[in-house]
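Any read-out appearing in this document is the output of simple, stated calculations on the displayed coordinates, not a laboratory observation. As the structure is a computational prediction, the values presented were derived from the model and not from experiment. With ideal geometry, Cβ positions are generated from the backbone for all residues, glycine too; neighbour counts draw on all protein chains shown.
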Amino acid sequence: MICWKCHERLSTLRCASCGALAPPPAQPELFGALGLDRRYHLDAEVIDGAWRKRSKDTHPDRFAAASAVERRMALQWTATLNEARRVLRDPVTRAWYLATGKPHPAETGGPKLSPEFLEEIFELRMAADDAPAAVRDTAAQLRARLDADLEDLFSRWERGEGDLAPVPERLSRLKYVDNLLRELPA
Amino acid sequence: MSNIGIDLGTTNSLVAVVMGGRARCLLDDDGHAILPSAVRYTAEGTVVGFAALDDAAGHAATTLTSVKRFMGRSMDEARAEAAQLHYELAPPDDAAEEKVVRIQVGERLVTPIEVSAEILKALKERAEECLLGGVGGAVITVPAYFDDAQRQATRDAGRLAGLNVLRLLNEPTAAAIAYGLQERSQGTFAIYDLGGGTFDISILRLEDGVFQVLSTAGDTHLGGDDFDRLIAERLLQAAGVVGARGGALRAAMEAAEAAKRALTDADSTEINAQLGEVTAALTLTRAELDTLIRPLVDRTLSACKQALSDAQLSPSQIDGVVLVGGSTRVPLVRQVVQEFFGRPPFSDIDPDQVVAIGAAMQADILSGESELAEDVLLMDVVPLSLGLETMGGVVEKLIWRCSPIPSSASQTFTTHVDGQTAVAIHVVQGEREMARDNRSLARFKLGGIPPMPAGLPRVEVQFMVDANGILTVTATEQYTGKQSNIEVVPSYGLTDEQIEEMLETSIDAAETDVDERLLVEAKVEADQILRAVEKALASDAALVQEDELSRIQAVVTDLKSAMDAQERKKISDLSKKLDEVTAPFAQRRIERDLQLALQGQSALEVAERLDRSTI
C-alpha cells in the first residue's frame, strides 16, 4: 500500500516518513484490522498485544495537532480496533464472526434448531426445580459435547479441511444451554 | 507554547505544566498551588479563589462554591440538593429553562458552566503569568463517572474561558499517569479518588506503555462535602437551630470542615461557631466522626466491588492502590481502603496535586513533542452504557459500560406507517432496564426519510463516542444514500448558539474585566484587613498605645475613602501601610497570648486565640 499523503510505501498503519494514518477501511475485516491471521485458536493475550500495538499507531491522541480529516480517520480506526478486540476476544463471538462474517448474531432469523434438541432443553427446564443438580450435570455434559464439536470443526478448518457451515447452528445450541445453566437455581 | 493540565475540582482547582521534563503545579503569588473553586459575584465583577472564600458566611448568597455538582444537571436533578445550599437556585420560567441549573446571584442569573469558566479563566491567567511562551492547549480532568452531559458542560466551560480544550481526561486515569510515568511500573492498579463532591474508583493496567482502563465506577454525589454536611447537621442540632440557610449554614459548614481536618491528627476537637444569632459549641471525637461517616465510606466500597467485578479481578490481584483527593486524608478512609485491598495505599504524590500533575503529563504527550514519554498511550473507557429507548420504554444497549473509547455502534431503523418521513430517537445513558430510570442524553428526529411503504426505509444511525467520552450521532438512509438531518439537542440544555453568545459577551468584556478584577481583589483584601484591625482594637484596646491608636485610625480613614473612590493603587498601598502600623500591636497581642499559655491555659484554647489574632 502507498501512503495517501506522501506517496511513500507503507509497512505499518502509520506512514514511517510523514506520520499519516492509512485510511480506515469502510467494511473492516476484524482479524486484518488487528494484523492477525483468521484463526479460531487465539489467546486473549495475543489479541490484547496486537490491539495495544496497533492502537499506539491509530489513537486520536497521536493526532491531537493534525488536520480534522486525519483526526476523524484516527477516531474511526481506533473505534474499529476496539470493536475487533471486543468481538475476537470472546470465543463465542469469534466463532460466529469466522463462520458468518458478522460481528454478532442477528436478533431474528437465526439457524433452525432441531425439534429434538428444543424438546430436550424444554424437559431439562421442567425438571430444573425438582432436580437442579442432575439438570446441571446433564447441561454441563451437553455444553462439553458442543465445545468439543466446535473445537473439532475449527481444528479441521484451520488445517484446510471441511467448512464452517455447521458452526452457527452449534452456537445457537450453545446459547440455549448457557441460558439454561445461567437460570438454574444455585 | 506549552500545553497545560487543569484539575477542575469541586472544592479546589489546580493548573500544572511539564517544564524541563518534570510536571509541576503552578503557584499563585502567595505560594498556593490550589485555587479554591469559589466565585463571588460583586457589583464590580467576580472574585475567584481564596479571596472569594474570605468571609463567605457574610456573603453567602453571592459566593458560589461546589458548582461542579450541578454541571450538566437539570433543575429537576438539582432541586433535591437545593435545601443544603447557601445560595439560591432560580426557579425556571419554562420547560427550556428547566434543563439547566441557574443560580440567582443578586439581580443576575448564572449557570454552573459560567461559574466554572471563571475558575478556569483564573487558572489560565496564572499559567499565562508563569509561562513565557504562552498557553497552548489544555487538558481538563473530569470524574470518570461523569456522563455525556456533564462532560459537554465541562468542555463548554473551557471554551467559555478561552481555552483550547485538547482533551477531557478522567481524574483517576490522570492520577495513574502521574504515578505510572514517575515510577515506570507495570501491573494492575486501583485508583481510589475521593474528592470534595465526587467519588471515583478505576482499575487500570499498565503494560507495554499502554495505560488501559479496565473498569470504572463511582458516585457523582459522594465526597468530603458530605462528611462536612453530617458534622454541620450534628452541630446545628446541638445548637437547636432548625432549617438553617444562607450565612448560618455556610458558617456551620466551615466549622465542620475545620473539625474534620483537625480530627485527621487529633482524637478530639472542640467546635465553636457563630451560627447567625446562635453560638454553637460541640466536642467531636474521632470515634464519633467515624461512626457518623461510616455509611458514606462503606458506599465507596460497594463501588470498589463493582469496579473489581467488571474487571474480573479480586482485591488481592491489585498490585497497588493509589489515593487521590483531599478526602483520602480522613483516617477512616485510609483504614477502610487498606482493609479492603489488604495493602497500604500509595500516597507519595500529594493527593491534592496528583490529578493536575497527570493532566499536565497527558497535555505534554498530546503536544507530540513530549520530553516525558514518546511512546505512552492512554486507553480510557465509557463509564456508563449508551442505549436507545425502544417500544414500551425498554432500553436497548448499543455501547456497553467499560468499553474502550473511542467506540462506535450502529443501528438500523425503519418506519411504522406508510409514507412516514421521520423517526423519533431517544438516546439514554445508564445501566437500568427502563429508559425513564436512566439519564436522557438526547432526543432527536431522523427527518428527511423518503416517503416509502412502512418498514421499507433502512436508516442506519451511527453512534460514536470519542476519546473524551462524548457522543456524536450521524444517520444515513441506505437505499437513497441520503444523509438524514439530525437535530441533537444536548439534554443539559445549552445549545451551541447559547454557548457562542456567552463566548462573544465574555470576549467583549475581557479588557474591562481585568481592571475590574484587580480593583475587586484589592477591595476584598482591604476589607479583610480592616475587619481584623477593628476586631482586634475592640477586644484588646488595653494593649494599644495612645499615639499608636491615632496613627492606625488615620490610615483606616484614608483606606476607607480610597475604597469609596475606587482607587485601586491607593487601596493596595494603604492596605500595606495599615499592615505595617499595626504590626507592633499584633506582636504584643501574640506575646500576651503566650503569657496566658504559660499561666496554665490549655494548649487548645491558646491555639484558638492565636488563630483569631489575624493581625
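Key figures for this structure:
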{"read-out": "Debye log10 I(q)/I(0) for chain B, one point scatterer per Cα, at q = 0.11 Å⁻¹", "value": "-1.16"}
{"read-out": "Percentage relative contact order, chain B, counting C-alpha pairs under 8 Å, at least six apart", "value": "13 percent"}
{"read-out": "Cα long-axis angle, helix B:496-508 against chain B (0 to 90 degrees, to the nearest 10)", "value": "30 degrees"}
{"read-out": "Estimated inter-spin distance, B:Trp400 and B:Glu107, nm [label 7 Å along Cα→Cβ]", "value": "5.7 nm"}
{"read-out": "Virtual spin-label span in nm between B:Asp540 and B:Arg458, 7 Å along Cα→Cβ", "value": "8.5 nm"}
{"read-out": "Fewest-first sequence of A:Leu13, B:Leu14 by Cβ atoms within 10 Å of each Cβ", "value": "A:Leu13, B:Leu14"}
{"read-out": "Length released on extending from B:Gln306 to B:Thr476, taking residue separation times 0.36 nm less the Cα-Cα span", "value": "57.4 nm"}
{"read-out": "Two-site FRET efficiency, A:His104 against B:Arg443, from Cβ-Cβ distance with R₀ of 25 Å, rounded to 0.05", "value": "0.40"}
{"read-out": "Computed [θ] at 222 nm, deg cm²/dmol, chain B (DSSP H ≥ 4; -39,500 (n - 2.57); rounded to nearest 500)", "value": "-13000 deg cm²/dmol"}
{"read-out": "Cα-based shape type of the stretch B:386-493, given that a ≥ b ≥ c are square roots of the gyration tensor eigenvalues and the cut on a/c is 1.5", "value": "prolate"}
{"read-out": "Diffusion coefficient, µm² s⁻¹, Stokes-Einstein with Kirkwood Rh over alpha-carbon pairs of the stretch A:1-89 at 37 °C and 0.692 mPa s", "value": "245 µm²/s"}
{"read-out": "Protection-proxy order for peptides B:230-239, B:416-425, B:448-457, B:148-157, each taking the mean of Cβ atoms within 10 Å per residue, highest first", "value": "B:148-157, B:230-239, B:448-457, B:416-425"}
{"read-out": "For chain A, fraction of C-alpha pairs farther apart than 24 Å, in %", "value": "53 percent"}
{"read-out": "Extension gain (nm, one decimal) between B:Glu433 and B:Asp290, 0.36 nm per residue minus Cα-Cα", "value": "47.9 nm"}
{"read-out": "Relative contact order %, chain A, counting alpha carbon pairs below 8 Å whose residues are six or more apart", "value": "17 percent"}
{"read-out": "Helix B:246-265 vs. chain B, principal-axis angle (Cα, 0 to 90°, nearest 10)", "value": "90 degrees"}
{"read-out": "Pairs of alpha carbons in the stretch B:224-293 whose separation is greater than 21 Å (percent)", "value": "15 percent"}
{"read-out": "Too-long pairs where the Cα-Cα distance tops 30 Å, listed order kept, from B:Lys121/B:Lys523; B:Lys260/B:Lys569; B:Lys121/B:Lys576; A:Lys53/A:Lys102; A:Lys112/B:Lys445", "value": "B:Lys260/B:Lys569; A:Lys112/B:Lys445"}
{"read-out": "Coil-residue GluC sites (Glu not before Pro) of the stretch B:310-377, DSSP, other Cβ within 10 Å capped at 10", "value": "B:Glu369, B:Glu374"}
{"read-out": "Size descriptor, Kirkwood hydrodynamic radius, that averages inverse alpha-carbon separations across the protein assembly as shown, Å", "value": "29.9 Å"}
{"read-out": "Degrees separating the helix A:132-158 axis from the principal Cα axis of chain A, which is the longest one", "value": "40 degrees"}
{"read-out": "Relative contact order (%) - criterion: Cα under 8 Å, at least six apart; region: the stretch B:386-493", "value": "27 percent"}
